[in-house]
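A.B. asks: Take a look at the following structure, please.
No value in this document is a laboratory result; all are computed from the given coordinates. Small disclaimer: the values here were computed from a predicted structure and weren't measured. Heads up, the Cβs are rebuilt from the backbone with ideal geometry, glycines too, and the neighbour counts pull from every protein chain shown.
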Amino acid sequence: MLEYALPALYELLSWPSILFLILGSLLGLLFGILPGLGGPQVLALLLPVTFTMQPSHAIVLLIGAAGATAFGGSITAILLNTPGTPQNAATVFDGFQLTKQGKAGQAIGAAAASSVMGAVFGAIILTLILPIGRYIVLAFSYPEYFMMAVMGLAMIAVLSQGSLWKAIIAGGFGLMLSFVGFDPVTGSVRYSFGMDYLWDGIKLVPALIGLFAITEAVSLFSNKGSIASEKVNTSLKGVFQGISSVFKHFGLFLRSSVIGTIIGIIPGVGGAVANFVAYGHAVSSSKNPENFGKGDIRGVIAPEASNNAKDGGALVPTLIFGIPGSLEMAVLLGALILHGIQPGPRLMLDNAEIALTLIYALVLSNIVVGIVGVVAAGSLARLTMVKTTFIAPMIMMLALIGAYATDGMIGDVIIALIFGLLGYGMVRYGFSRVALVIALVLGEMMQQSFHQTLDLMGPSGFFLRPISLALFLITVFMLLLPLIKKWRKGNYDENVGT
Amino acid sequence: MMKMSGRSIFSLVIVIFMIILVINSFEYNSKARLIPLGVGFLVLVMTFLQFLTDTIPSMGRRFSFLREKGMFTQQVNDQPNSESESQESEVRWSQIIKTFIWLIGFTVLLHFTTYLFAVPIFLFLFIWLAGKEKIISALSVAFGMGVSMYVLFELLLGARF
């Protein structure tokens, strides 16, 4: 794989790949800055735009956007007391306090440096793991792919935020939606209800556009006014002091990056978790935790390092197993498939240069937005003053025309609208959209692996192979884990009571 | 005592949808329906239980395992709304439905014309009437988006639809 290292880097830095990278990064920065929008939205909107591009350019554009949203969100978190994306929520605590103390520049500098270096850290870990991944992949066959997908879905449910029960329902619902259309195993057409449009199944692009872009735009429109209410502080003195503070607290930066990478590797667990866990670690490992929440620069360094390192981690299951490590990776997976690149086991063997391009693009996008963000943070943050009654309809139009551009079929627009309404209901009533999307992506692979295992090895094929059996046992354990914890807590409370 | 709220209606819609899918599964051959029937039945039972707890509050106490949270839950607003929140919720839903009706109108317009016509018209009317902004502002945004879409899709991407 390393023989592709230099050619992949050369390809990325040449024209027009570098243009697409910069463009994607700037778009990601913009979407990250606007609260309510983020990685899933910008990727869902960009996906149809990439149809006519070469696969390598499309991937560079998308990963550039995905990698940039986290830092964009930190700008809003620091300057406006509002996280630009969920993965910047913890950055608000100390970031905005620094702004109030006139140290916005220091906070932005620290966020920029942490973001870039965190992304580099995640990319290094990814680069080290990927060659080993090839050997793991060769040991996998149909039963292992099936069990891996089931375990991935179970993980998403158990590790989700919110109701576990509803997350499982959402995952099951997503699986059912993935069964719509032509079944390649049996040749049947399922759940088409007499509509030719549904013979091809539920298309991923319109579904993603509906679930994320339409849902958020409709929510934004219903909250009239501007997105943020705080006045923007545009003085950014102290940027280099902020950058140097990352080196001053290098141990914390490293630990936070490790946290982010590990969390990124776990499928379905996103940057919001990484952000909070790293912040919590920074507080608990500090000799003076009472300083946090009052403008401690470490309260910016830790979460920002973590939420950028997680992107490298999220690429590990995505590239090696074809199981999305995060929501952004689920969209990226869809993009790879649309461009004829099959992620998962074959990617490492057939398209290793694509994997390296992804890694380089992730690092470079963070560098690009780190520089742009530091220079233009104040001006960019003013975008949040634009009224939602202007921004939301524009996003709706981009989203619906993007869905229409997929195949020029009005059915895709209708699907986007239906999923938009579904997505709004899911957000409102606590059902996990992540679980639904990842199940929608994994459904076909799961079904094919299941039938192939039955045909070739019979039902015992799932349990006689050691890796498959281990994955099954891990899945069962994970699903029972909340009940086990509850039972143990009940026993503990009983003992304490007596 | 049964209490229908937005939450329980949403669960009911999913239950009905799953019933339809499960019943349809019996039309396919045994291999084709194996996984959909299994998954569908499981999801149907789970969603029905969810509907019961959303509709009958006392059931929530009986099925306490339905309230288990994921491991990384920080703050969850999973409780049924109070009365004032219910009223706010109804108002919110009515705004959302109105927005979707506008979007359906846009879809119809798009189907019978082209996006270069439908997008500016929709934006102008939507921002002016639904967003209650000034006509000049609505016209500016509509014109700007129309031009941007033409440049992006027609000139840069060469898309033909």
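A.B. asks: In deg cm²/dmol, rounded to 500, what helix-only [θ] at 222 nm does the protein assembly as shown give when every DSSP H run of at least 4 residues adds -39500 (n - 2.57) and the total is split over its residues? Could you put the intermediate results ahead of the total?
C.D. replies: Details: 28 runs with 474 residues, N = 659.
Using -39500 (n - 2.57) per qualifying helix, the result is -24000 deg cm²/dmol.
A.B. asks: Cross-link partners among lysines for residue A:103, C-alpha distance below 25 Å, same-chain residues fewer than 8 apart left out?
C.D. replies: Counting by Cα, and skipping residues close in sequence, residue A:103 has these lysines nearby: A:231, A:237, A:248, A:287, A:294.
A.B. asks: Now for a different question. Please list log₁₀ I(q)/I(0) at q = 0.08, 0.10 Å⁻¹ for chain A, using the Debye equation with identical point scatterers on the alpha-carbon positions.
C.D. replies: Log10 I(q)/I(0), no solvent term: -0.47, -0.75.
A.B. asks: Follow-up. Over the whole of A:168-177, what's the average partner chain Cβ count within 10 Å per residue? Rounded to a whole number, please. All intermediate terms of the calculation are to be shown ahead of the outcome.
C.D. replies: Working: counts 3, 10, 2, 2, 9, 9, 2, 6, 11, 2.
Neighbouring Cβ atoms belonging to other protein chains average 6 per residue here.
A.B. asks: Arrange the peptides B:32-44, A:51-63, A:305-317, A:474-486 so that the one whose residues have, on average, the most other Cβ atoms within 10 Å appears first. Spell out each step's value before the answer.
C.D. replies: Values: B:32-44: 20.1, A:51-63: 21.8, A:305-317: 32.6, A:474-486: 14.0.
Result, highest mean Cβ count within 10 Å first: A:305-317, A:51-63, B:32-44, A:474-486.
A.B. asks: Moving on. Between the range A:269-308 and the range B:111-151, what is the separation of their alpha carbon centroids in Å?
C.D. replies: A separation of 43 Å, based on Cα centres.
A.B. asks: Using the membrane-span-like helix rule (whole DSSP H runs, Cα extent along the own axis of at least 27 Å, mean Kyte-Doolittle hydropathy at least 0.0), which helices of chain A qualify?
C.D. replies: Length and hydropathy pass: A:55-80, A:104-138, A:298-321, A:352-381, A:388-407, A:410-429, A:433-457, A:466-497.
A.B. asks: For A:148-158, what's the mean count of beta carbons from other chains sitting within 10 Å of each residue's beta carbon?
C.D. replies: Details: counts 0, 0, 0, 0, 0, 0, 0, 1, 1, 1, 4.
Counting Cβ atoms of other protein chains within 10 Å of each residue's Cβ and averaging gives 1.
A.B. asks: For residue A:190, what residues show an amide H to amide H distance below 5 Å, using hydrogens built from the backbone and excluding near sequence neighbours?
C.D. replies: A:181, A:182, A:183
A.B. asks: Taking every residue in B:31-44, how many Cβ atoms of other protein chains lie within 10 Å of its Cβ, on average? Walk me through the intermediate numbers first.
C.D. replies: On the way: counts 8, 10, 5, 6, 10, 10, 0, 0, 12, 6, 1, 4, 9, 3.
Per-residue shielding by partner chains comes out at 6.
A.B. asks: Another question about this same structure. Contact order normalised by length for the range A:1-144, with contacts defined as Cα pairs under 8 Å and 6 or more residues apart; what percent is it? Each step should come with its number before you reach the end.
C.D. replies: Working: 179 pairs, mean separation 28.8, N = 144.
Computed value for the range A:1-144: 20 percent relative contact order.
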